[in-house]
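Participant: Handing you this structure, nothing more for now.
The values are calculated or read from the model by the stated rules, or taken from the named source; none is laboratory data. What you are looking at is a predicted structure, and each value in this text was computed from that prediction instead of being measured. In this analysis, Cβ positions are derived from the backbone assuming ideal geometry, glycine residues included, and neighbour counts consider all displayed protein chains. For accessibility, only protein heavy atoms count, side chains too; no ligands or nucleic acids. Shrake-Rupley method; radii C 1.70, N 1.55, O 1.52, S 1.80 Å.
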Amino acid sequence: MKVMEQPNCVQLYRLNNGIVDVVLCNYGCTIVSINVPDKDGVKKNVVAGFSDPEYYKKDHPYFGSTVGRYANRIAYGKFTIDENEYNLHTNNDQNHLHGGVNGFHRQLWNTEQNKDEIVFTYLSKDGEEGYPGNLHVSVSFSLTGSNELNISYTATTDKSTIVNLTNHSYFNLSGFELPTIHNHQLKVYADSYTVKNDSNVPSGEIASVSNTPYDFRNSKLIGKDIDLLTTDRGYDINYVLDNKTSAQVLAAELYEARSGRLLKVYTDQPGMQLYTANWWDGSFVGQQNKPYNQYGAVALETQGFADSPNHLNFPNTILRPGQVYRSRTTYQFSVV
């Protein structure tokens, strides 16, 4: 095993099973590219990212990043544990988003690599972005012979804190040959979603997807109802997944007919945020040498619920000393 401790420069790492090729970066614990074949065997990169890894140091919309210490939003950057109120840095209007300005996506991670697995580790120190406790985080990436990219997260703390980790890859299964994901077919295994208030955070209400644009229980084109979502300019919603256990379940299926590429997303988490790159404006040019425009890709972020610490009816995201946070997500690629 090759061990790299406290790297002082941005480096790339590769997983390859002969069919799928995955490139990772130690800055932000980032998925840089996932090259997968289409139905004719032609490989293309299906995630948004940069050719030059140094670009990840610049501001960008979390391309492939590991986000934390808390993925998604915390209302007004405030939460309470054991009657102690904590104030996080706010970086999304009045809210705290994806761990703050210098969240996990802006950190250089330590790395261990062998043939089949790459493990990134990071120590998030007590007080970082306002969070309590020294949090030791590990994120493992492995690629199977069945074209499954497994992502396993673990974390421990020395003080009660909140943890919610995810990967923020954006997918366009045409390899960005199609400028939008409107013609991607999506199925989400969820009957309900968390309703948002005017501050763009959950109100606490959980509502049925029936008779709403959020209903993907039967596969439909992402572009079918997207114009109805004027407030968010597209999809930006957390689904309550049909998962009553701690085991992995199928959360979503994404299919692009022209290439035949199919992505299945499995997770043991209670939620999945669907985000359709509503605010992309062409200012970033990715590895595909094409500008990333609005609706150019879709993120399927497996996670706990946004603002869970402030809603007793939401799944617990508090981690205490002596406990181990564990989460697992699998991206399975195939052609149909």
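Participant: Given the C-alpha atoms of the stretch 111-209, compute the convex hull and give its volume per residue in Å³.
Facilitator: Enclosed volume per residue, from the Cα hull, is 201 Å³.
Participant: By what distance, in whole Å, do the Cα atoms of the stretch 251-336 stretch along each of the three principal axes, largest value first?
Facilitator: 46, 33, 23
Participant: To continue, here is another question. Here are labelled values, (1) 18.3; (2) 15.8; (3) 21.4, and one is the computed mean projected area of the Cα convex hull in nm² for what I pasted. Which one?
Facilitator: Answer by label: (2).
Participant: Got a sec to turn the phi values of the stretch 318-324 into Karplus ³J(HN,Hα) couplings, 6.51 cos²θ - 1.76 cosθ + 1.60 with θ = phi - 60°, whole Hz, x for Gly and Pro?
Facilitator: So the J values, rounded to whole Hz, are 7, 10, 10, x, x, 9, 10.
Participant: Tell me, what is the 1.4 Å probe accessible area of CYS25, in Å² to the nearest 10?
Facilitator: Probe radius 1.4 Å; accessible area of CYS25 about 0 Å².
Participant: What Kirkwood hydrodynamic radius do you get for the stretch 1-152 when you take the inverse of the mean 1/r over all pairs of distinct Cα atoms, in Å?
Facilitator: Mean inverse Cα-Cα distance, inverted, gives 16.7 Å.
Participant: Could you work out the pair-distance distribution P(r) of the stretch 48-131 from its alpha-carbon pairs, with 5 angstrom bin width and percents rounded to whole numbers?
Facilitator: Pair shares across the bins are 3, 13, 21, 20, 19, 11, 7, 4, 2, 0.
Participant: Each residue of the stretch 73-79 in order: what ³J(HN,Hα) in whole Hz does its phi give by Karplus 6.51 cos²θ - 1.76 cosθ + 1.60, θ = phi - 60°, with x for Gly and Pro?
Facilitator: Whole-Hz 3J(HN,Hα) from phi for the stretch 73-79: 9, 10, 4, 6, x, 10, 7.
Participant: 7 Å from Cα along Cα→Cβ at both TRP279 and SER210: what's the point-to-point distance in nm?
Facilitator: Each label point is offset 7 Å from its Cα along the Cβ direction, giving 3.5 nm.
Participant: Give the calculated FRET efficiency between LYS43 and ALA257 to the nearest 0.05, with a Förster radius of 30 Å applied to their Cβ-Cβ distance.
Facilitator: With a Förster radius of 30 Å, E is 0.95.
Participant: Given the protein chains as shown and a 1.4 Å probe, how many square angstrom of GLU148 are accessible, to the nearest 10?
Facilitator: My reading of the accessible area for GLU148 is about 50 Å².
Participant: To the nearest 10 square angstrom, what accessible area does ARG233 show with a 1.4 Å probe?
Facilitator: The accessible area comes out at roughly 90 Å².
Participant: Testing the spin-label approximation: label points 7 Å from Cα along Cα→Cβ at ASP232 and ASN8. State their distance in nm.
Facilitator: 4.4 nm
Participant: Distance from the Cα centre of the stretch 166-236 to that of the stretch 67-97, in angstrom?
Facilitator: Here the answer is 24 Å between Cα centres.
Participant: Which of the peptides 199-207, 179-187, 272-280 is most tightly packed, and how do the rest follow, going by the mean number of other Cβ atoms within 10 Å of each residue?
Facilitator: Highest mean packing first, the order is 272-280, 179-187, 199-207.
Participant: How do GLU301, GLU85 rank by accessible surface area computed with a 1.4 Å probe, from largest to smallest?
Facilitator: Sorted by accessible area, descending: GLU85, GLU301.
Participant: Report ³J(HN,Hα) in whole Hz for each residue of the stretch 140-154, in order, from the Karplus equation J = 6.51 cos²θ - 1.76 cosθ + 1.60 where θ = phi - 60°; Gly and Pro get x.
Facilitator: Using θ = phi - 60°, the values come out as 10, 10, 9, 10, 9, x, 9, 6, 10, 8, 9, 10, 10, 10, 9 Hz.
Participant: Taking 24 Å as the cut-off for C-alpha to C-alpha distance, list the pairs among LYS39/LYS264; LYS224/LYS244; LYS125/LYS196; LYS115/LYS187; LYS43/LYS115; LYS187/LYS224 that go past it.
Facilitator: LYS224/LYS244; LYS125/LYS196; LYS115/LYS187
Participant: Scan around ASN92 for amide H atoms under 5 Å from its own, H built in the peptide plane at 1.01 Å from N, and keep only partners 5 or more places away or cross-chain.
Facilitator: HN-HN under 5 Å from ASN92: LEU97.
Participant: Can you list residues whose amide H is under 5 Å from SER203's amide H, if they're 5+ apart or on another chain and H is modeled 1.01 Å from N?
Facilitator: Amide H neighbours of SER203, under 5 Å, 5+ apart: VAL195, LYS196, ASN197.
Participant: A further question follows. Roughly how many percent of the accessible protein surface of the chain is carbon and sulfur, given a 1.4 Å probe and a whole-percent answer?
Facilitator: 46 percent
Participant: Related question: Given 0.36 nm per residue, what is the gain on full extension from HIS89 to ALA247 after removing their alpha carbon distance, in nm?
Facilitator: That works out to 53.5 nm of additional length.
Participant: Let me know the charge dipole size of the chain about its Cα centre in debye, to the nearest 20, where only the beta-carbon of Lys, Arg (+1) and Asp, Glu (-1) is charged.
Facilitator: It comes to approximately 640 debye.
Participant: So with the 1.4 Å probe, I'd like the accessible area per residue for the chain, rounded to whole Å².
Facilitator: 41 Å²
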